[in-house]
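The values are calculated or read from the model by the stated rules, or taken from the named source; none is laboratory data. All values reported here derive from a predicted model rather than from experimental measurement. FYI the Cβ positions are ideal-geometry reconstructions off the backbone, even for glycines, and counts take in every protein chain you see. Just so you know, the surface numbers come from the protein's heavy atoms only, side chains and all, with ligands and any DNA or RNA stripped out. Shrake-Rupley method; radii C 1.70, N 1.55, O 1.52, S 1.80 Å.
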Amino acid sequence: MYQEQPARKPITITTLAKMKRDREKFAVLTAYDASFAALLDGAGVEVILVGDSLGMVIQGQRTTVPVTMDEMVYHTRNVARGSGLALLMADMPFASYATVEQGVRNAARLMQEGGAHMVKLEGGAVLAETVRQLSRNGIPVCAHLGLLPQSVHKLGGYKVQGREAAAADHMINEALTLQEAGADIALVECIPAELAARLTEALAIPLIGIGAGPSCDAQVLVSYDMLGITFGRRPRFSKNFMTGHDSLQAAVAAYVAAVKNGTFPGPEHCLA
Ligand code: KIV
């Protein structure tokens, strides 16, 4: 009489690789504490990212640059206590992977002290050796390309990346180099949708997008942006999912559904 609900299983990098092969999209959101982690986990978010965006949305800083390793470990540990089935990804903060040795030591802290399942670092082919050593040490890696918020002072602002043909080709080569070095996932921020579509096809590993159009294998948003509690101006590529919903649970469920059925991001969230 009663149909058994299939039990949800913990999400691993193998789950995400299979979802890419099956062309099944997955949803990613940021969390910085146990309560939000439990909320996202309950809504079926596949990956919870402890982003260094916490510098901006939690601490009120202007950039992610001031965020420290100790702060990342603290927030990751809190998120780990609240999450259950989601894969827990934690950001390596500014300058915490300046050398390969530093990168391995600090990634190990996020895993051992924070309980992270994987780490994310910002940069291109210059990080190939770091990615290779992390991989050899059993640390899954997400390679963050496109707009690199930790390099905002070098970039001269938060600008769309990969617009010109040469820059687009270069980004694809960098992503392939990092995949070859052992990256398990790539993430692209603020790039033209057309380039994201090319990257999704070129890479065997899953590609998560933010401000990168609808073709990516997954989407991520800063949870505070998608719940309409943005400190300052909400980015154009984001969407307030509280509109039309009367609870946080309903808003997060609507986000997960919209990512999975491909209705988010829409054309109005794409950057040219
Ligand atoms: O720190 C963060 O939240 C991020 C996302 C914007 C992808 O890196």
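Report, ordered by the first and then the second residue, all pairs with beta carbons closer than 7 Å, sequence separation of six or more or different chains, a first member in the range 98-113 that is outside any helix (DSSP H, G or I), and a second member that is at pLDDT 95 or above.
Pairs found: GLU113/VAL73; GLU113/ARG77.
Just to be sure I understand, how many residues within the range 185-209 are within 16 Å of the ligand (Cβ to nearest atom) and not aliphatic (A, V, I, L, M)?
The number of residues fulfilling the criteria is 4.
Kindly indicate the residue of the range 210-226 that is in a loop (DSSP other than H, G, I, E, B) and within 14 Å of the ligand (Cβ to nearest atom) and also surrounded by the most Cβ atoms within 10 Å (Cβ to Cβ) among those meeting that condition. So that I can check it myself, show each step before the final result.
Within the range 210-226, the first condition is being in a loop (DSSP other than H, G, I, E, B), and the residues that meet it are 211-217, 222.
Now drop any that are not within 14 Å of the ligand (Cβ to nearest atom), which leaves 211-212, 216, 222.
Details: GLY211: 27, ALA212: 34, CYS216: 25, VAL222: 21.
Among those that are in a loop (DSSP other than H, G, I, E, B) and within 14 Å of the ligand (Cβ to nearest atom), it is ALA212.
Check ALA175, ALA183 and return the single one that is part of a loop (DSSP other than H, G, I, E, B) and open to solvent by less than 20 Å² (accessible area, probe 1.4 Å).
Working: ALA175 fails: part of a loop (DSSP other than H, G, I, E, B).
Step by step, each of ALA175, ALA183 is checked, and only ALA183 is part of a loop (DSSP other than H, G, I, E, B) and open to solvent by less than 20 Å² (accessible area, probe 1.4 Å).
Out of the residues in the range 62-73 meeting the condition of being in a helix (DSSP H, G or I) and either within 22 Å of ILE208 (Cα to Cα) or open to solvent by 10 Å² or more (accessible area, probe 1.4 Å) (or both), tell me which one is farthest from the ligand (Cβ to nearest atom).
The residue in question is ASP70.
Do we have PRO93 as surrounded by 24 or more Cβ atoms within 10 Å (Cβ to Cβ), out of contact with any strand residue (DSSP E or B) (no Cβ under 6 Å at 6 or more places or on another chain) and farther than 19 Å from CYS216 by Cβ here?
Taking the combined requirement at face value, the residue satisfies it.
Could you tell me which numbered condition ARG233 fails, if it satisfies all but one of (1) of a type outside the set (Gly, Ala, Ser); (2) in contact with a Leu (Cβ under 7 Å, 6 or more places away or on another chain); (3) within 16 Å of the ligand (Cβ to nearest atom)?
The single condition ARG233 does not satisfy is (2).
Counting just the residues of the range 38-61 that are more than 9 Å from the ligand (Cβ to nearest atom) and of a type in the set (S, T, N, Q), which one comes out farthest from LEU147 (Cα to Cα)? Before you say what the answer is, go through the steps one by one.
Applying the first criterion (more than 9 Å from the ligand (Cβ to nearest atom)) to the range 38-61 yields 38-48, 58-61.
Then drop every residue that is not of a type in the set (S, T, N, Q), which leaves 59, 61.
Working: GLN59: 21, GLN61: 18 Å.
Across the range 38-61, the extreme among qualifying residues is GLN59.
Name the single residue that is farthest from the ligand (Cβ to nearest atom) among those in the range 101-131 being open to solvent by less than 40 Å² (accessible area, probe 1.4 Å) and among the β-branched types (Val, Ile, Thr).
Residue satisfying both the conditions and the ranking: VAL104.
What is the residue count in the range 24-61 for residues that are assigned to a helix (DSSP H, G or I), among the small types (Gly, Ala, Ser) and under 23 Å from PRO93 (Cα atoms)?
Restricting attention to the range 24-61, the residues satisfying the condition of being assigned to a helix (DSSP H, G or I) are 34-42, 54-57.
Imposing the further condition that a residue be among the small types (Gly, Ala, Ser) reduces the set to 34-35, 37-38, 42, 55.
Next cut, under 23 Å from PRO93 (Cα atoms) only: 34-35, 37, 55.
Residues that pass the stated criteria total 4.
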